[in-house]
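Presented below is the structure to which this report refers.
The values are calculated or read from the model by the stated rules, or taken from the named source; none is laboratory data. Note that this is a predicted model, so its numbers are computed, not measured. Glycine also receives a Cβ, built like all others from the backbone with ideal geometry; neighbour counts cover every protein chain displayed. Surface areas here come from the heavy atoms of the whole protein model, side chains and all, with no ligands, DNA or RNA. Shrake-Rupley method; radii C 1.70, N 1.55, O 1.52, S 1.80 Å.
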Amino acid sequence: MSKSKRIAIIGSGPAGLMAATQLVLSPHLSLLEIHLFEKRSGFGRKLLIAGSSGLNISHEHSIKDFSDHYEGWTPEFWRNTLTAFGPKEWISFIESQLGMETFLGTSQRYFVKEMKASTLLKKWTQFLEEKGVIFHSQSALSEFTKKDETISLTFNHDESTTQEFDRVALFLGGGSWENEEPKWVELFKSKKINLIPFEPSNVGYEVAWNEKFLKEAEGKPLKKVILETSKGKKMGELVITQYGIEGTPVYFCGMKGQAFLDLKPDLTEEQILIKLNQTKENLSPMRRVKHLLGLSEAAEALLFHHTTNEIKTDLHKLITTIKKFPITLTQPRPLLEAISSKGGLDLKEVSSVFELKKFTGIFCGGEMLDWDAPTGGFLIQACVSQGAAVARSILTSF
Ligand SMILES: Cc1cc2nc3c(=O)[nH]c(=O)nc-3n(C[C@H](O)[C@H](O)[C@H](O)COP(=O)(O)OP(=O)(O)OC[C@H]3O[C@@H](n4cnc5c(N)ncnc54)[C@H](O)[C@@H]3O)c2cc1C
């Protein structure tokens, strides 16, 4: 690189912040002028939201197993992206550059020890500011055009804000946790860039619970159960809500239609029978379950209020139901409540280096693209890995 370059990064989520990070850590930093634009008054809103329930930043897996958790590009593409900048590099950045401790939980998920996104975000933006990144809040990208090698960006529909850049990286986020469709969708459509409609992902599902059950179980957990749907199975904790269920198993394999719960996954039907016969008292099947099986309160309420008398009074039928309790997932909750979204920018619109095919010099990454993954740190990891990939692509494009 012989002369200085102006680079604009739009969007201050984990993907945008990591792209800026990799640029400031490059040996060419003295030749780069890096601007980071965000439409909101504060930076990294979704990272803060994600951190409100403990900040799960990545997952412990081999790169191969990690890659198998993603939909969108081929597993090989994911492997390459994660090999170049994966969990090891991400954790190392947080620890060595931001000076924050992380830990691996029993669920094989990585967390920031402080369990707070606000400190991570503060230290991260400070680190970037100290390295010279120029932050602009309340600057919503409203137009981009390209003439020869120069890209012009306009913010807030105000032409007086138009600035020129050599390279642009867009990390505008997906459709989840938003009141309305993101504005960038219209902008991309006006440029004839193909988009896939957003759909909620990693989201709760609705179940038609009866009132008596809800009175007893709303807000309570079904601890350590397995949810099985046509999409797969997952063990974990589900929380009973007014409208249905929330929690990792349903985020992982939620699917409209028939589903089953294994309310006692650590015991087989035979083992349950032995346990329930360990009393000489003449108890009804339901009482045996209550006294001898150690189910959570919500699971007991489920058996009591959502099974027929025929099942409740027949020990064998009750045990079969405990191992395969049928529920119907009627529909997913809306995008506004989803942890992530499927859909967004069609992957066919970007090259293998994340560059828009119709607008070279403009790169895209993060949740705005049409890929998907389960929660458990896979989402944030993918975003930072793509942010790093975009930064590498920008540097090699000069
Ligand atoms: C409740 C919740 C819990 C979550 N928990 C986890 C978790 O535990 N682990 C995990 O891995 N992931 C989790 N996630 C998902 C994770 O937060 C997202 O995948 C991640 O933030 C996406 O990063 P991103 O940089 O692509 O986009 P975002 O973080 O959405 O950032 C995009 C940014 O672009 C800005 N922007 C948009 N349009 C414009 C424009 N026109 N001009 C300027 N700026 C613009 C937005 O305001 C936003 O700040 C959670 C999400 C939610 C909602």
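Looking at Leu82, Leu32, which one is within 15 Å of the ligand (Cβ to nearest atom), surrounded by 20 or more Cβ atoms within 10 Å (Cβ to Cβ), modelled with pLDDT of 95 or more and not hydroxyl-bearing (Ser, Thr, Tyr)?
Only one candidate passes the filter, namely Leu82.
Considering region 123-161 alone, what residues qualify as being of a type outside the set (Asp, Glu), part of a strand (DSSP E or B) and either touching a His at 6+ places or on another chain (Cβ under 6 Å) or exposed (fewer than 14 other Cβ atoms within 10 Å of the Cβ) (or both)?
Correct list: Ile134, Ser142, Thr145, Lys147, Thr150, Ser160.
All but one of (1) assigned to a loop (DSSP other than H, G, I, E, B); (2) open to solvent by less than 30 Å² (accessible area, probe 1.4 Å); (3) not polar (S, T, N, Q) hold for Ile91; state the number of the condition that does not hold.
Every condition holds for Ile91 apart from (1).
I'd like the full set of residues that are small (Gly, Ala, Ser) and exposed (fewer than 15 other Cβ atoms within 10 Å of the Cβ), limited to region 211-231.
Gly219, Ser230
For region 351-360, does any single residue satisfy the condition of being touching a helix residue (DSSP H, G or I) at 6+ places or on another chain (Cβ under 6 Å), assigned by TED's automatic domain parsing to the domain that holds Gln242 and open to solvent by 30 Å² or more (accessible area, probe 1.4 Å)?
Checked against the condition, which is being touching a helix residue (DSSP H, G or I) at 6+ places or on another chain (Cβ under 6 Å), assigned by TED's automatic domain parsing to the domain that holds Gln242 and open to solvent by 30 Å² or more (accessible area, probe 1.4 Å), region 351-360 yields no hits at all.
Would region 379-389 turn up any residue that is surrounded by fewer than 18 Cβ atoms within 10 Å (Cβ to Cβ) and either part of a helix (DSSP H, G or I) or free of Cβ contacts under 8 Å to residues at least 60 places away in the same chain (or both)?
The answer is no; no qualifying residue exists.
Mind telling me which of the residues Ser52, Ser41, Ser12 ends up being near the ligand (Cβ under 9 Å from one of its atoms) and open to solvent by 50 Å² or more (accessible area, probe 1.4 Å)?
Criteria check complete, one pass: Ser52.
Open to solvent by 10 Å² or more (accessible area, probe 1.4 Å), in contact (Cβ under 8 Å) with a residue 24 or more places away in the chain, not in a loop (DSSP other than H, G, I, E, B) and not assigned by TED's automatic domain parsing to the domain that holds Phe304: does that describe Gln258?
The answer is no for Gln258.
Confirm whether Leu120 is more than 22 Å from Pro374 (Cα to Cα), part of a helix (DSSP H, G or I) and of a type outside the set (S, T, N, Q).
Taking the combined requirement at face value, the residue satisfies it.
Which ones in region 275-293 are open to solvent by 60 Å² or more (accessible area, probe 1.4 Å) and within 20 Å of Lys224 (Cβ to Cβ)?
Answer for region 275-293, where residues must be open to solvent by 60 Å² or more (accessible area, probe 1.4 Å) and within 20 Å of Lys224 (Cβ to Cβ): Lys275, Lys290, His291.
Out of curiosity, is Lys357 on the phi < 0 side of the Ramachandran plot, of a type in the set (Lys, Arg) and away from the ligand (no atom under 13 Å from the Cβ)?
Considered against the rule, which asks whether it is on the phi < 0 side of the Ramachandran plot, of a type in the set (Lys, Arg) and away from the ligand (no atom under 13 Å from the Cβ), Lys357 comes out as yes.
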